[in-house]
1. Restricting to segment 76-109, what's the tally of residues that are outside any strand (DSSP E or B), within 12 Å of the ligand (Cβ to nearest atom) and touching a residue at least 40 places away in the same chain (Cβ under 8 Å)?
2. Out of curiosity, is residue 271 within 15 Å of the ligand (Cβ to nearest atom) and over 23 Å from residue 385 (Cα atoms)?
3. Which residues, counting only those in segment 111-132, are touching a residue at least 40 places away in the same chain (Cβ under 8 Å) and either more than 16 Å from the ligand (Cβ to nearest atom) or part of a loop (DSSP other than H, G, I, E, B) (or both)?
4. Which residue is surrounded by the fewest Cβ atoms within 10 Å (Cβ to Cβ), if the candidates are limited to segment 29-58 and must be modelled with pLDDT under 95 and in a helix (DSSP H, G or I)?
5. I'd like the full set of residues that are under 18 Å from residue 230 (Cβ atoms) and part of a loop (DSSP other than H, G, I, E, B), limited to segment 160-171.
6. Is it true that residue 297 is within 22 Å of residue 408 (Cα to Cα), in a strand (DSSP E or B) and touching a helix residue (DSSP H, G or I) at 6+ places or on another chain (Cβ under 8 Å)?
7. Within segment 267-294, how many residues are assigned to a loop (DSSP other than H, G, I, E, B), over 20 Å from residue 225 (Cα atoms) and in contact (Cβ under 8 Å) with a residue 12 or more places away in the chain?
Ligand code: G3I
């Protein structure tokens, strides 16, 4: 779907840029220059009634999809009656403005007309209706629609198995999916035929279910060409390594992907910090799609917060799009613009610098979080990160486990690690010109070494020059503590205090209540949030502990 279509649109974009000299760099201009389809779902009411709505579409986007106008109930109003008024208007607008079009959607369990769902049709009649619908709709726009969402949301949210309760599954059986793709191919030999769903983009039962479904279709020779990731998200949202690996496994079976319905909803009222967080998610999506060769398009489900499905469905949430309700660009818009304009007009010739501030922090006896500072991309470059881990110190990346590549985030949470074991990490930055020098860090998991437990604690008593803290320490491990040290931190000059040493008081699991006097002036009732407990158990032994009932490892 992507590059050839975008090339064909480039001429129209040049004309539009000249026609709107006051707008410095609309998203459309740089998206087209980068070969990216950047799209938006269109609500037909403001499309017809608010000139600024259609002006913004034409200026900022090179791809349109109808939010509702192409759905079954909108088009197919009685068994032998179709209403193409809105769909035709949208297609005409897109063509007049040199924009590509996605068709959404042919087969879905929602937005079906009453004449269909309430009708007493035999299986063969329902198949005939499905065929007639697809042949009529896809045939009408043959050659004009770049990609069709042929089947929408056919996988069950919870189980990852095919949804059996939908109208189509109930009335035709599971074959309706194959039939729909075959009818669509008969009606338009060139359109890219998509399966579209939510929660299809990362890891887990749902995305595995989608992958299994589309792999089965590919293996049977069904004419599927792509998978749409809806991506209706909650702030804060960032692209993760799972999104990259999922894109790559779909590429591995010959399928392209598109982000088809993105929005990032915020609990209202939103504040400036939340809008900045939201901007990171939108910037990530564009960076991701530019980085993954099989990603064709980024489509948002609307563009102005004035018209969005979110507030009507998610009570108390909104502000999910990239223009505000007054059509002013939000930080999310600027983030997309920055990503699209990076490297505009040149090639990347410089490898990135090494990452700085590479830090490993034990979270538990099985988890270590690794963070680093983002590397500033050299001119014309975009940077991703590669991440290796080993239990061997000073290992060479080429001889170790590759944990992730193509990361656009600056952290990686490592799980399923062994307790009380030191892990070594290597991270380097990569761009089109090459790799940075490697950066190294190490940390032990907790257990056999201890760690910091971020629990709240309160000063229960104080006197001039002293105070008392009450903490309940629970040994939840299987080994006795062989001596231990308790530390806590508090703000101000006395940042970290190392303070109380004890000898073994438990043999195996048990509870000790510790009342600690300490020589410092802290007001009674003050609350802080950082207690450290080092249990000197044998290395590698899971010496679990909890403080005030909060498990620390
Ligand atoms: O068409 C009727 C109209 O005749 C009536 O007067 C009006 C009164 O409420 O309702 C109109 O129908 C509404 C329709 O949008 C068209 O505006 C429905 O009530 C309303 O429920 C429907 O919501 C749409 C929803 O799909 C339906 O499931 C949203 O606008 C649309 O954004 C949403 O889009 C879906 C994608 O297609 C698939 N992925 C999820 C995404 C969000 O739910």
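1. The number of residues fulfilling the criteria is 3.
2. Answer is no for this residue.
3. Passing the criteria: 111, 112, 113, 119, 121, 123, 126, 127, 129, 130, 131.
4. Ranking the qualifying residues of segment 29-58, first place goes to 33.
5. So the first thing to find is which residues in segment 160-171 are under 18 Å from residue 230 (Cβ atoms), and the list is 160, 162-163, 166.
Passing the criteria: 160, 163, 166.
6. Working: within 22 Å of residue 408 (Cα to Cα): yes; in a strand (DSSP E or B): yes; touching a helix residue (DSSP H, G or I) at 6+ places or on another chain (Cβ under 8 Å): yes.
For residue 297, the condition - within 22 Å of residue 408 (Cα to Cα), in a strand (DSSP E or B) and touching a helix residue (DSSP H, G or I) at 6+ places or on another chain (Cβ under 8 Å) - is met.
7. Number satisfying all stated conditions: 2.
Yes/no per residue for (1) buried (at least 16 other Cβ atoms within 10 Å of the Cβ); (2) closer than 22 Å to residue 173 by Cβ; (3) in the same structural domain as residue 164 (by TED's automatic domain parsing):
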{"site": "72", "(1), (2), (3)": "yes, yes, yes"}
{"site": "75", "(1), (2), (3)": "yes, no, yes"}
{"site": "78", "(1), (2), (3)": "no, no, yes"}
{"site": "106", "(1), (2), (3)": "yes, yes, yes"}
{"site": "111", "(1), (2), (3)": "no, yes, yes"}
{"site": "123", "(1), (2), (3)": "no, yes, yes"}
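The values are calculated or read from the model by the stated rules, or taken from the named source; none is laboratory data. Every value quoted in this text rests on a predicted model; they were computed, and no experiment measured them. As a convention, Cβ positions derive from the backbone with ideal geometry for all residues, glycine included, and neighbour counts pool all protein chains shown.
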